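The values are calculated or read from the model by the stated rules, or taken from the named source; none is laboratory data. Bear in mind that the values here come from a model prediction, so they are computed numbers and not experimental data. Note: ideal-geometry Cβ built from the backbone for every residue, glycine included; neighbour counts use all protein chains shown. What goes into the accessible areas is simple: the full protein's heavy atoms, side chains included, and nothing from ligands, DNA or RNA. Shrake-Rupley method; radii C 1.70, N 1.55, O 1.52, S 1.80 Å.
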Amino acid sequence: MSSALLRTTPALRGALRAGALRPAAAAASTSFVRGKATLPDLQYDYGALEPYISGKIMELHHKKHHQTYVTGLNTALETIAEAESKGDFTKAATVAPLLNFHGGGHLNHTLFWENLAPASREGGGEPDGALLKSINEDFGSFDSFRKQMNTALAGIQGSGWAWLAKDKQSGTLGIITRANQDPVSGPYAPLMGIDAWEHAYYLQYENRKAEYFDAIWNVINWKTVASRFEKA
């Protein structure tokens, strides 16, 4: 499965318009205003995920880091569109990696915010219904799935993500890791992702990232994950 948004000239041309990103972005409620990507609002306060994720981390992560991806995505789209208007497809192609990085960062973070919720509301616990049944079938148990997910996260060298994903063809679940901001694509639908970049945890957990991986399960919004599972 390719993790790049753009690999061929036709795909590149298709991405020159912000509308080309909308189908994937729609799954994460990612918004475009007059052709520009925008930073999504959170459905909870920055401090609502404490003590598991500090309000300071959430504010920096959302307002600074995610905004950087939004700005980078819009800049990449504008640069590519300008290059296309001049027939300079070589220049457009050189910007494709930035489109993949910032576009992936925008999409990944939008999905991430949506699969979190305060522990006092819908966060934490275990899923139920069809999602839990599928987890039990494909991982043996929820506890086994959680351990496998944390192992995958710990194995990421540098920056990246671990995702619970659904194979849209077979309907089975699996764990997928992606480096940097590469999005989950192809035949796989991302259901729940955990950010393993240092900016997601370092101010609170420092080098104890395993503690962050354990803590974040207390604020996973299984209602949102189940909804994605049903629609994938």
Exercise. So what are the ³J(HN,Hα) numbers for segment 136-151, from phi and the Karplus equation (6.51, -1.76, 1.60; θ = phi - 60°), rounded to whole Hz, Gly and Pro as x?
Worked result: 5, 5, 8, 10, x, 5, 5, 4, 5, 4, 4, 5, 5, 5, 5, 5
Exercise. If you line up the long axis of helix 89-114 against the longest principal axis of the chain, both from Cα atoms, how many degrees apart are they, to the nearest 10?
Worked result: 30 degrees
Problem set entry | Prolate/oblate/rounded call for segment 183-232, Cα gyration tensor, a/c under 1.5 rounded | oblate
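Which whole-number percentage describes the relative contact order of the chain, with Cα contacts under 8 Å and a sequence gap of 6 or more?
On the way: 350 pairs, mean separation 54.8, N = 232.
This gives 24 percent for the chain.
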For this session: Kindly report the accessible area of segment 181-221 per residue (heavy atoms of protein chains, probe 1.4 Å, no ligands, DNA or RNA), in Å².
Result: 37 Å²
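First check a/c for segment 120-206, with a ≥ b ≥ c the square roots of the eigenvalues of its C-alpha gyration tensor; if it is under 1.5, answer rounded, and if not, answer prolate when a/b is larger than b/c or oblate otherwise.
On the way: a/c = 1.95, a/b = 1.31, b/c = 1.49.
Oblate.
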For this session: Could you pull out every residue, at least 5 positions away or on a different chain, whose amide H is within less than 5 Å of the one on residue 192? Hs are placed 1.01 Å off N in the peptide plane, and Pro or chain starts have none.
Result: 164
Exercise. Highest GNM mean-square fluctuation, the chain, Cα pairs closer than 10 Å: which of 95, 184, 70?
Worked result: 95
Exercise. In nanometres, what is the gap between the two model label sites at residue 132 and residue 60, each 7 Å from Cα along Cα-to-Cβ?
Worked result: 3.7 nm
For this session: Using a cut-off of 15 Å between beta-carbons, work out the net charge of the residues near residue 213 (Lys and Arg +1, Asp and Glu -1, residue 213 not included).
Result: -2
Exercise. Got a sec? Charge dipole of segment 114-218, +1 on Cβ for Lys and Arg, -1 for Asp and Glu; which of 201, 189, 216 is way out at the positive end?
Worked result: 189
Seminar exercise, completed: Mean-square fluctuation maximum in Gaussian network of the chain, Cα pairs under 10 Å, restricted to 151, 177, 94, hits 94
Exercise. So, with +1 on the Cβ of K and R and -1 on the Cβ of D and E, and no other charges, what is the size of the charge dipole of the chain about its Cα centre, to the nearest 20 debye?
Worked result: 680 debye
Exercise. Can you give the accessible area per residue of segment 120-171, in Å², using a 1.4 Å probe?
Worked result: 53 Å²
Exercise. Under the rule of -39500 (n - 2.57) per DSSP H run of 4 or more residues, summed and divided by the residues of the chain, what mean residue ellipticity at 222 nm is obtained, to the nearest 500 deg cm²/dmol?
Worked result: -13500 deg cm²/dmol
Problem set entry | Selection from 60, 81, 144 lying farthest towards where the dipole of the chain points positive, charges on Cβ | 81
